[in-house]
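The values are calculated or read from the model by the stated rules, or taken from the named source; none is laboratory data. What you see is a predicted model; the values in this text were computed from it and never measured. Glycine also receives a Cβ, built like all others from the backbone with ideal geometry; neighbour counts cover every protein chain displayed. Areas reflect the complete protein model, heavy atoms only, side chains present, ligands, DNA and RNA absent. Shrake-Rupley method; radii C 1.70, N 1.55, O 1.52, S 1.80 Å.
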Amino acid sequence: MRPILALISILAAVANAAELYSPPVRQDYPDNVYWGDTHVHTYLSGDAFGMGTRLSPDEAYRFAKGETIRATGGGDARLRRPLDFLMVSDHAENLGVAPRVATGDPDALKTEDSQRLFETLSRTPAVSDVLGAKSLEEYTAGNETLGKSKTPRGDYGIDDDFRLDVWRSIVESAEKYNDPGRFTTFAGYEYSSGSPAMLHRNVMFAGAPEHTMSRRPFSAYDSSNPEDLWAHLERYRQETGSDVISIPHNSNLSRGNTFATVSYDGEPLTRDYARIRSSIEPIVEVTQIKGDSETLPSLSPDDEFAEHETWGNFSALKGLAAEMPPEEAAKRSYVRSGLKTGLGLAAELGVNPYKFGMIGSTDSHTGLATADEDNFWGKMGAIEPSPYRRMTQAIYASAGYAAVWATENTREAIFAAMKRREVYATTGPRITLRFFGGWDYESDDAVSPNLAGIGYRKGVPMGGDLARPPDGTAPRFLLRAVKDPDGANLDRVQVIKGWRDANGELHEKVHDVAWSGDRTIGEDGKLPPVGSTVDVKAASYLNSIGSPTLATTWTDPDFDRSESAFYYVRVLQIPTPRWTTYDAKFYGAEEFQQGPTAVIQERAYSSPIWYTP
């Protein structure tokens, strides 16, 4: 070969290599994952204040940024790694009422309900006293007293001016700590409909304070029907030109109402209902302190990992047997079943109302956004660290966080990522997860240093839609999971598929697609357990099993181009100690709990990728 041709050949090879293995200098896709919490309550929430919490929105933001904060119970609390974004989401119902009544201000005590609340709050013990109890009985009694101090619905003489003033203070706090490029805040609140069951939503605003301050929060006192909330938010969008979303949470406690097949009033769903809901609610909160909402063993009997932090909620579903069979109530309460229901409704209505991405958040009522098992500050003030809480509060989970793929750490970029569903949930660990779907991925793409560039160029990311193939080609999925740098190795990566067949029947299947070690899938179709290195008494584990990174290119072996489907990824860590075990070790317990309250397999859930014929 002549020198000039050889040089051209070498330059071409270098160019091809750069295209395949080096990220472009000016990339037009999100290459940063940001971590945050969209569900933190402070003393402005009636239940949080009544149960002892005294931290303000300012302190919640400072804690999330990495500052040391004096918790309500007196201990110093700090995140080892700051978060990138936070939304304080205090309850719209009785927003700011309890702190005002507790001051004893005569103007706040003009009604019988206000006077009754003042007397109740005056009798409640301090959180520090409950946490410092000398016995389990004393701790339990103090906790129960605090539990009766939630601010009930009533006439507290509160007018719209007061409500708007409190809301303005919340917006101002968010603006004060919003630092584009470093730390992002969102103004928001929680809408807490409890009729007929938990139908709570966190409302997140994208716009400037002149928009968010223009209206007071819409509460369940305005209407218990979430559809009225959506109508209110739609009017806000149209009148201000600013965007807003609603994020359902704790569907596991909704008793069959979050992913129902009829409206709130029991009417058949319409195309307009589906359009509005899918626009207003692009994501859901799948995991948090009050349990995990992915699925249940009764709903997914072939899924060996379906039992995870289930809160004992299935027993609550049984109470609705007269209105709805328990299994049906469960089906309408869990995310995986909701995604499947959405496929059926899309075929009927032409729009999928349950086309949502997944995030995690804490639902902390302490003002402290922490989801680490070894740094768990509890649900309420009296569930902050103490020698006794593991004996009475083990039902609570230390979860979760929201992970967002965005171009930069700004309100605009993070909100846009949530709108396009390019987000995922974890139960706490900061696992990095990429998931793409397309038709042309190759096996070598999974090991490329430029996996993201290839993923976007050849397909769509999590939250996206696969176009119909020109022939019967099955979709290929490109995925990579990397362990939390400060956490445990990974056990396996799974792809969960849901689909609707030609007869309208809905199905699901869990595929193990990448795993650590030299294990092989058995004749029963199951991958053997990874094992466990957990030492319960020492509250420790070893990363001598598992893998720091798992990646693969996977093809759906059962693809039918005529069937609508969704696919999402679940990543499992190796077993590690649960927060209850860390508590037992820290407080020198003589007896250690065993079983599901002692060891946990933490996880991440990607947003789905959909295929529609």
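With respect to D159, is the statement that it is out of contact with any helix residue (DSSP H, G or I) (no Cβ under 6 Å at 6 or more places or on another chain), free of Cβ contacts under 8 Å to residues at least 24 places away in the same chain and closer than 22 Å to V203 by Cα true? Yes: the conditions hold for D159. Mind listing just one residue for me: the one in region 21-42 that is over 21 Å from D84 (Cα atoms) and open to solvent by less than 70 Å² (accessible area, probe 1.4 Å) and, of those, modelled with the lowest pLDDT? By that ranking, first place goes to S22. Screening D558 with (1) surrounded by 17 or more Cβ atoms within 10 Å (Cβ to Cβ); (2) out of contact with any Gly (no Cβ under 7 Å at 6 or more places or on another chain) gives one miss only, at (1).
Are any of the residues in region 581-597 in a loop (DSSP other than H, G, I, E, B) and under 27 Å from G437 (Cα atoms)? No, region 581-597 contains no residue that is in a loop (DSSP other than H, G, I, E, B) and under 27 Å from G437 (Cα atoms). In region 482-503, the residues that are surrounded by fewer than 21 Cβ atoms within 10 Å (Cβ to Cβ) reach residues that are part of a loop (DSSP other than H, G, I, E, B) and modelled with pLDDT under 95 with C-beta atoms within less than 7 angstrom, at least six apart or across chains, in these pairs: A502/S562. Total residues in region 527-543 satisfying the condition of being within 23 Å of R336 (Cβ to Cβ) and either out of contact with any strand residue (DSSP E or B) (no Cβ under 7 Å at 6 or more places or on another chain) or in a strand (DSSP E or B) (or both): the figure is 1.
I'm trying to understand the selection: among the residues of region 50-107, which are more than 23 Å from E175 (Cβ to Cβ), open to solvent by less than 20 Å² (accessible area, probe 1.4 Å) and part of a helix (DSSP H, G or I)? Correct list: G50, V97, A98, V101.
Might you check whether a residue that is without any contact (Cβ under 8 Å) to a residue 24 or more places away in the chain, open to solvent by 70 Å² or more (accessible area, probe 1.4 Å) and over 30 Å from D471 (Cβ atoms) occurs anywhere in region 567-588? No, the conditions are met nowhere in region 567-588.
Considering only residues in region 380-419 that are open to solvent by 30 Å² or more (accessible area, probe 1.4 Å), β-branched (V, I, T) and at pLDDT below 95, the one that is farthest from the chain's Cα centre (by Cα) turns out to be T392.
Consider region 420-433 and keep the residues that are surrounded by fewer than 21 Cβ atoms within 10 Å (Cβ to Cβ) and touching a strand residue (DSSP E or B) at 6+ places or on another chain (Cβ under 7 Å). The one that is nearest to Q601 (Cα to Cα) is R430. Of the residues making up region 504-513, those that are touching a residue at least 40 places away in the same chain (Cβ under 8 Å) and farther than 18 Å from R332 by Cα are K509, V510, H511, V513.
The condition (being open to solvent by 20 Å² or more (accessible area, probe 1.4 Å), of a type outside the set (K, R), assigned to a loop (DSSP other than H, G, I, E, B) and more than 18 Å from L95 (Cβ to Cβ)) is satisfied by just one residue among G207, G194, G266: G266.
One line per residue, one yes/no per condition, for (1) within 30 Å of R420 (Cα to Cα); (2) at pLDDT 95 or above; (3) in a strand (DSSP E or B):
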{"site": "Y456", "(1), (2), (3)": "yes, yes, no"}
{"site": "R480", "(1), (2), (3)": "yes, yes, yes"}
{"site": "D491", "(1), (2), (3)": "yes, yes, yes"}
{"site": "D512", "(1), (2), (3)": "yes, yes, yes"}
{"site": "G525", "(1), (2), (3)": "no, no, no"}
{"site": "I545", "(1), (2), (3)": "no, yes, no"}
{"site": "A551", "(1), (2), (3)": "yes, yes, yes"}
{"site": "W554", "(1), (2), (3)": "yes, yes, yes"}
{"site": "P557", "(1), (2), (3)": "yes, yes, no"}
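With respect to the stated conditions, D445 fails to be open to solvent by less than 20 Å² (accessible area, probe 1.4 Å), assigned to a strand (DSSP E or B), within 26 Å of A425 (Cβ to Cβ) and acidic (D, E).
All of (1) open to solvent by 10 Å² or more (accessible area, probe 1.4 Å); (2) at pLDDT 95 or above; (3) within 17 Å of T427 (Cα to Cα) hold for G360 with one exception: (1).
Among the residues of region 153-179, those that are open to solvent by 80 Å² or more (accessible area, probe 1.4 Å) and under 19 Å from A60 (Cβ atoms) comprise R168, E172, K176.
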